[in-house]
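Undergrad: Input: one structure, supplied below.
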Amino acid sequence: MDILQFLPDLGVGFIGGFIIGWGAKIALKIVAALLALYILSLLYLAKLGVITVNRDALLGLLGVMENSFVSFGSQVVGLLHSISLGTGFVAGFIIGFKKG
């Protein structure tokens, strides 16, 4: 068995993983910034007395979002284990995520 036959698969997986990892990190930064801006605007409007914020419900909503991200992450891990290009993909994703 020739190990060189697996190099194209590893390369394609690496490049795909790099691009997706870089994009995922950029998307997470944008989502975090928008979420922070939204929460700050709610707190500012509450301070002015324009609205009243139920902080317990807001924190509960954030907890639900956190749980759904964790469950999505566990599904992605299971999917990556079943893909033959997983090794190169994971390496590229990690490097892309660090560079993004």
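Undergrad: For a quick check of your reading of the model, give me the residue pairs whose first member lies in the range 87-100 and is modelled with pLDDT of 75 or more and assigned to a helix (DSSP H, G or I), whose second is surrounded by fewer than 18 Cβ atoms within 10 Å (Cβ to Cβ) and not hydrophobic (A, V, I, L, M, F, W, C), with beta-carbon atoms closer than 9 Å and at least 6 apart or on different chains.
TA: Close Cβ pairs (under 9 Å, with a partner that is surrounded by fewer than 18 Cβ atoms within 10 Å (Cβ to Cβ) and not hydrophobic (A, V, I, L, M, F, W, C)) amount to Gly92/Gly16; Phe93/Gly16; Gly96/Gly23; Gly96/Lys25; Phe97/Lys25; Lys98/Lys25; Lys99/Lys25.
Undergrad: Something else about it: With exposed (fewer than 10 other Cβ atoms within 10 Å of the Cβ), in a helix (DSSP H, G or I) and modelled with pLDDT of 75 or more as the only criterion, which of Ala33, Ala57 stands out?
TA: Within the list Ala33, Ala57, the selection yields Ala57.
The values are calculated or read from the model by the stated rules, or taken from the named source; none is laboratory data. Keep in mind that this is a model prediction, so the values were computed, not measured. Cβ atoms come from the backbone with ideal geometry, glycine included; neighbour counts cover every protein chain shown.
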